[in-house]
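As structure tokens, the structure follows; a few thoughts come after it.
The values are calculated or read from the model by the stated rules, or taken from the named source; none is laboratory data. These numbers were taken from a predicted model, which means no experiment stands behind them. So basically every Cβ, Gly included, is an ideal-geometry build from the backbone, and we count neighbours across all protein chains shown. Heads up: the accessible areas ignore ligands, DNA and RNA and are worked out on the full protein's heavy atoms, side chains in. Shrake-Rupley method; radii C 1.70, N 1.55, O 1.52, S 1.80 Å.
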Amino acid sequence: MFPISAIAGSGISAPGLQPGMGAALPQLPMGEAGTFPIDLGKATGIGMPDSTSGVSHPSFHPGITGTQPSDDAFSKTLNNFVQEVNSKQAAAGDAVSRLQSGGDVSLHQAVIAMEEANVSFQLMVEVRNKLLEGYQEIMRMQI
Amino acid sequence: MIDLIPGISSTTTALSAERTRLDVIGENIANANVTRGEDGKPYQRKTVVFETALQQAVNGGPSMTSLQGIKIEKDQRPFPKIHKPGDPDADANGDVSMPNVNIHEEMADLIAATRAFEANLAVARNAKTLAMQTLAIGKR
């Protein structure tokens, strides 16, 4: 988002980017060409022009908000998945410590809890690998 | 996310059950000559009774019969009597009541319980190998 709007703001015509697309991207004042004070606190959030501070940010199309998808179904799924893997690891550690101290957990229960934790962790690693592969595949695409 | 390793929940309960059986057999053999236990009577042999219950189908899989209860009950067979007149536990006729533990029976039960335990261990080991191999499908 940043590079495209910055290029349009400085007046260079980027191929494929039509100023007529959506709202017009404002030109940056030439006096400030080359300096783009990017407020990192706002970098990940909605990019709105901050006119009160006297510093002009590259402004965005209001429709392209770039908010964090807080109630996105997929990120929720991933979160739940990681929580469950974590709980299995915790259960395994708990079983081993109870075996060593108290003994209301038998040996095979502790071993099986550890194996379950191991398999679920491997599953998480495989999911991560697949996601990375997909991401790299997309990044390899020619624009 | 329930069990990633297939069938591990029923295997775990079976291992617990066989372990209880082994514990009980060990106790029986250890107390095979105890003529005066608690309440003054000879040691009474214990047996293990397994109860199964039908579990509802989980996640669309088949409904499993799995172990629900492990009960330890006392063997009600009569105590054998041995004639030992000088023994402190002898009764008026000089007979001593021995525990109703038959060592040969216990040894046979021990072998059966050991094999059952090992069989369940083999199931658990194989199931884990299958799970890891399934995960390796996606690996390059």
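Accessible surface buried at the A:B interface totals approximately 1700 Å², computed with a 1.4 Å probe on protein heavy atoms. Here is the tail figure for region B:1-56: Cα pairs spaced more than 15 Å apart come to 63 percent of all pairs.
At q = 0.13, 0.24, 0.27 Å⁻¹ the log10 of I(q)/I(0) for region A:66-143 amounts to -0.58, -1.06, -1.16, computed by Debye summation with a single uniform scatterer per C-alpha, solvent ignored.
Per residue, chain B exposes 63 Å² of solvent-accessible protein surface, assessed with a 1.4 angstrom probe and all protein chains in place. A straight Cα-to-Cα reach below 20 Å connects A:Lys76 with the lysines A:Lys88, A:Lys130, residues fewer than 8 places away in its own chain not being considered.
Candidates B:Ile137, B:Asn31, B:Thr12 compared by Cα position along the dipole of chain B: farthest toward the positive end lies B:Ile137, with charges placed on Cβ. Here the spin labels are modelled as points 7 Å beyond Cα on the Cα-Cβ line, and at A:Val82 and B:Ala32 they lie 5.9 nm apart. What a 1.4 Å probe finds exposed on chain B is 55% carbon and sulfur by accessible area, rounded to a whole percent.
Take each residue of peptide B:119-128, count the partner chain Cβ atoms within 10 Å of its Cβ, and average: the result is 2. For B:Gln44, the shell of other residues with beta-carbons less than 13 Å away shows a net charge of +1, using +1 for Lys and Arg and -1 for Asp and Glu. Each peptide among B:14-26, A:102-114 gets the average number of other Cβ atoms lying within 10 Å of its residues, and from highest to lowest they stand as B:14-26, A:102-114. Out of every Cα pair in region B:1-117, what percent are spaced more than 17 Å from each other? Everything past 17 Å amounts to 64 percent. Debye calculation, C-alpha points only, no solvent: report log10 I(q)/I(0) for region B:58-140 at q = 0.11, 0.15, 0.17, 0.23 Å⁻¹, in the same order as the q values. Rounded to two decimals, the profile gives -0.64, -0.87, -0.97, -1.17. Bridgeable aspartates and glutamates around B:Lys81 (alpha carbons under 12 Å apart, same-chain partners fewer than 8 residues away excluded): B:Asp89, B:Asp91, B:Asp95. Rg and Dmax of region A:99-143, both derived from C-alpha coordinates alone, stand at 19.1, 62 Å. At a threshold of 50 Å², the residues of region A:94-134 that become less accessible to a 1.4 Å probe in the full protein assembly than in their chain on its own are A:His108, A:Ile112, A:Glu116, A:Val119, A:Glu126.
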